[in-house]
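First up is the structure itself, then whatever we jot down about it.
The values are calculated or read from the model by the stated rules, or taken from the named source; none is laboratory data. Everything numeric here is computed off the predicted structure, so don't read it as measured data. Don't worry about glycine lacking a Cβ; one is built from the backbone with ideal geometry, like all the others, and counts go over all protein chains shown.
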Amino acid sequence: MENRITSIIERLFVREPALFAAICTQEIVENDRMRCPVRCGRGRIEYNPDYTIEMSDAALEEALKNEAIRILLKHPYERRPDLCSGPAIGLGSNLVIADNYSFARFHMKMPADFGIAKGLTYEMYSRHIQRQHEESPLAEADYYADLSELWDEDALQLAIINEMIKSIKEWGSLAGDMAELIQASAKTTIDWRKVLAGFRAQIITMDRRLTRMRPSRRTGFDNMGSQRKFATRLLVAMDVSASIASETISRFLGVINSAFKYGVREITVIQFDSEVTRYMTIKHALKEAFAVGRGGTNFQVPIDYAAENGFEGLVILTDGLAPEPVIPANFHGAILWVCESQSCYQEHSGWMRKYGRVCTMSLG
């Protein structure tokens with residue numbers, strides 16, 4: 001089996017330089033305990049000889065090419081989509097590949113097989129599949145869970161793969177939309193999780209309360225002691241205008257839930273379009289989100305709300321399709337714009353930076 005795989009990789013060196021380069025970043029390892037013929041993750045490509053021995057050379061080559069494409073897309077090494085199980089992310093990754101690349105002998109499920117539109121991202125496909133899986137158990141769930149078992153966020157692998165992508169000159173059969181998708185994923189992007197953590201640190205406030213229960217070490221009760229309590233008044237504003245897809249609103253939920261991982265104990269969340277359509281205060285991660293509104297967008301609405309209610313930080317989740325706001329004189333808080341896609345970021349980040357920090361949820 002090793003000789004067969006070596007021969008296939010040697011052929012890829014001539015015909016598919018991009019796929020060859022991707023495979024060369026990983027170690028080839030035999031694993032007879034897994035339930036799929038080939039998979040990748042943790043810096044290696046694994047194959048099960050009990051399955052691959054039954055495959056023709058052409059089929060095995062396409063299976064290896066499939067994993068090479070997955071490596072180039074970095075699905076095994078980026079963060080797992082929020083609230084998605086192993087089967088959902090395994091199949092979601094496959095749908096991205098099948099949507100952008102044709103195999104002759106390696107069967108791949110298509111988005112249409114699940115009633116899903118073409119052209120979505122890995123994260124969006126995974127979310128669609130997760131919802132379907134919750135309603136009715138996914139066929140071959142064990143297979144897709146096994147396929148994605150090794151996947152975990154790995155900054156080193158991401159750096160290695162990104163540098164490799166930047167060095168590729170010939171794309172072989174990946175030329176066109178797939179090559180553009182891979183190249184776009186290698187561009188430096190902003191991790192909104194890290195931005196959110198830094199934003200929380202930026203706006204944190206410290207309440208100091210004097211107390212006689214804690215005397216000064218030097219002067220006893222002549223000078224009062226103090227207790228300090230850290231607090232953050234954070235407002236998250238979700239754009240629920242008609243231009244925002246329901247799928248995007250679900251993704252906004254992931255941003256809100258992430259705030260609790262960075263020490264925020266309580267968040268005020270509003271939904272807005274041309275007015276505030278919903279208000280809630282939450283103290284734990286939400287399990288679902290629904291939109292009330294779906295009209296036009298007015299950024300002045302959440303900014304005025306933050307100013308009038310004394311919030312120190314405002315996170316606006318949006319697609320950017322609205323006129324620029326005017327910052328009230330009585331608002332001195334920090335603003336973080338979270339764009340729903342890379343295209344939104346590219347189009348609107350210029351003016352958004354005038355009012356605060358900007359990042360995107362687009363993750364490839």
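Within the stretch 317-352, the set of residues being in contact with a Phe, Trp or Tyr (Cβ under 8 Å, 6 or more places away or on another chain), of a type in the set (S, T, N, Q) and at pLDDT 90 or above comprises just one member, Thr318. Residue by residue through the stretch 279-316, note down the ones that are modelled with pLDDT of 90 or more and among the acidic types (Asp, Glu). Once the filter is applied, which keeps residues that are modelled with pLDDT of 90 or more and among the acidic types (Asp, Glu), the stretch 279-316 yields Asp304, Glu308.
Would the stretch 76-93 turn up any residue that is modelled with pLDDT of 95 or more and under 14 Å from Ala22 (Cα atoms)? For the stretch 76-93, residues modelled with pLDDT of 95 or more and under 14 Å from Ala22 (Cα atoms): present. When Ile89 is tested against the conditions (1) surrounded by 17 or more Cβ atoms within 10 Å (Cβ to Cβ); (2) without any contact (Cβ under 8 Å) to a residue 24 or more places away in the chain; (3) within 30 Å of Ser136 (Cα to Cα), the lone failure is (2). Residues considered: Ser185, Ser258, Ser246, Ser167. Of these, the only one that is over 24 Å from Ala68 (Cα atoms), at pLDDT 70 or above and not aromatic (Phe, Trp, Tyr) is Ser246.
Scanning the stretch 25-60 for residues that are without any contact (Cβ under 8 Å) to a residue 40 or more places away in the chain and not in a strand (DSSP E or B) yields Asn31, Asp32, Arg33, Pro37, Asn48, Asp50, Tyr51, Glu54, Met55.
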